[in-house]
Each structure stands twice: as structure tokens, then as C-alpha cells.
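The values are calculated or read from the model by the stated rules, or taken from the named source; none is laboratory data. In this text the structure is predicted, and so the values were computed from the model without any measurement. Cβ coordinates were reconstructed from backbone atoms using ideal geometry, including for glycine residues, and neighbour counts include every protein chain displayed.
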Amino acid sequence: PDGHAPASRAAKERARARRWVLASVLVLALVGGGVAIGLAVADRDEGGKAPGADHSQGQDQGQEKTPDDARDKKGEAGGAGTTPTSKPEPAPSGYRTVDDPAGFKVAVPKGFTRSYEPPRVFYYSPGKEFRLGVYIQDQEPGGPVSAMKKADEEGPHRYPGYRGGVVRKSPKNEFPGALWEFTWNGESADGGPRHTFDQSWDEAGKMYDLWVSAPSDRRPDAKRHFDTALKTFVRTKPH
């Protein structure tokens, strides 16, 4: 017998072991990536539930220093983007424009207060009956429509009594976007079903998500707040 055979077999065993470890790491990375994408897609909640969140309350909090309508070609193509060139629309009667530290301006109803619940920013009405949220994240490979469809598929698992989910293509000015609308039962403290309007769009290398949630019987008011926020929302700095 070959005197080097045991050493050769040992070397082969070590090589197989290394390949197995590498394969295992690759599988875990792929699975983990899928989980991360799923969480990012469905990571929109009703607010007020983030443990240890830094709640910055007060009507003037949004005016400190704190996404947009950059008309430059880089922003339109989903690139890095530069300083926004568009100006925000003036806030209509009953609303005020907040200059949020997260890098955007938007008109919110007077009396709404800011709450930073990483990675989201919320503006709440007294008692949190109306909830306006903004979430800035990395773009999804399939774009806003694909991201919203995934979120819609996850809806029954995230929102008790999820129903009426509709996703449709809905650009934000020249930026590709999608609108997701649905109703759910709400939490026990909500006292009844809630309706959500949720718009996502790609801009300046990021995906912006803006939504308004309210009691179902206040849907017209929620739609007005949502339309106003979407119309007046502008990015104030690159992300």
C-alpha cells in the first residue's frame, strides 16, 4: 500500500469539509438575504409599537431641521441624486409644512406631533387616531410595484382581518411608484377597523414610503391627509 494514502485521504477529507462549510455559509446567506428582503418589504406598521423608540413629541418638533421631487436626471434614473431643485407646495388651510430632520418636507394637519420610531418617522393626531408615516429604505430589485405586491401577500400574516388589499402602479411625478390600499381589524386599543393608503416610489437611489392610516369610518379624511402629504412631500437632502 502507498505510504502516503492516509495523508492523502486526510487532505481530501479536509477539502470536503471546507466545501461543506462554504456551501452551508452560502445557503445561510441566501436564506438570510431572502428574509431581509421580506422584512424590508413588509416593514410598515401602524406605529406606536416600537420598543425603546425615541418619541420626539410637540407640534414644533418637525420644524427643527430636519423625501422629494428632484427634477434632475440622476434622481429620475434612480441614481445618487443631488440637492433637490423643486420647491414644496404651500401647505393648504388646516395644515403646516414640517422640515423634518430625516431629510424631507411635508404638509401635515395642524396639531399632529412627530414621533421618531427607527427606522420610521410618524406624525400622529391627538390620540393617534390618524397616523402619517414615512420610511426611507434601499430600493427593491423589482421596484415599488413588486415591493408592494410582496407586502400585499404578507398582509394577512401581519394585519389581523386583512382585506380589500389592492396594489396598482402609481408614479410620484416622474418617479416610478405604486399605491397599496387595504383595510384591517386594527389593534384592540383602536376600537375598530382601520384603512391604510400607502405610496412607495423610487427616487435618488432610495425607495420612499409614505402612508396614512385611520379608522375606516374616517376614510375620506384619511384620503385628504394622504393626498396632501403626497402632493407636498419633497426630499431636502441626498440619502
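Would you point out which residue out of E117, E129 is of a type in the set (D, E, K, R), closer than 23 Å to R219 by Cβ and modelled with pLDDT of 95 or more?
On inspection, the qualifying residue turns out to be E129.
Search segment 183-225 for residues being touching a strand residue (DSSP E or B) at 6+ places or on another chain (Cβ under 7 Å) and small (G, A, S), and hand back the single one that is farthest from A147 (Cα to Cα).
Per the criteria, the residue is G192.
Could you pull out the residue among W211, W201 that is assigned to a strand (DSSP E or B) and either under 17 Å from G143 (Cα atoms) or more than 19 Å from the chain's Cα centre (by Cα) (or both)?
Unique residue meeting the criteria: W201.
Right, P220: within 27 Å of P141 (Cβ to Cβ) and in a helix (DSSP H, G or I) or not?
no
Filter segment 82-100 down to residues that are at pLDDT 95 or above and surrounded by 18 or more Cβ atoms within 10 Å (Cβ to Cβ) and give me whichever is nearest to M207 (Cα to Cα).
D100
Just give me the residues in segment 223-238 being closer than 14 Å to A204 by Cα and surrounded by fewer than 18 Cβ atoms within 10 Å (Cβ to Cβ), in sequence order.
Answer for segment 223-238, where residues must be closer than 14 Å to A204 by Cα and surrounded by fewer than 18 Cβ atoms within 10 Å (Cβ to Cβ): K237, P238.
If we only count strands (runs of 3 or more DSSP E) wholly inside segment 93-168, which ones have 3 or more residues that are under 13 Å from the mean Cα position of the chain (by Cα)? First the steps, then the outcome.
Values: elements: 95-100, 104-109, 113-117, 120-124, 131-138.
Qualifying strands (runs of 3 or more DSSP E): 120-124, 131-138.
Tell me whether segment 211-220 contains one or more residues that are crowded, with 21+ Cβ neighbours inside 10 Å and in contact with a helix residue (DSSP H, G or I) (Cβ under 6 Å, 6 or more places away or on another chain).
yes
Among the residues of segment 143-177, write down those that are surrounded by 14 or more Cβ atoms within 10 Å (Cβ to Cβ), touching a strand residue (DSSP E or B) at 6+ places or on another chain (Cβ under 8 Å) and either of a type in the set (V, I, T) or farther than 17 Å from S213 by Cα (or both).
Passing the criteria: G143, P144, V145, A147, K149, V167, S170, P171, K172, F175, P176, G177.
Tally up the residues in segment 183-198 that are hydroxyl-bearing (S, T, Y), out of contact with any His (no Cβ under 7 Å at 6 or more places or on another chain) and part of a strand (DSSP E or B), please.
1
Pairs under 6 Å by beta carbon, first residue farther than 14 Å from V212 by Cα in segment 109-122, partner assigned to a strand (DSSP E or B) and acidic (D, E), six or more apart or different chains?
If the second residue must be assigned to a strand (DSSP E or B) and acidic (D, E), the pairs left are Y116/D54.
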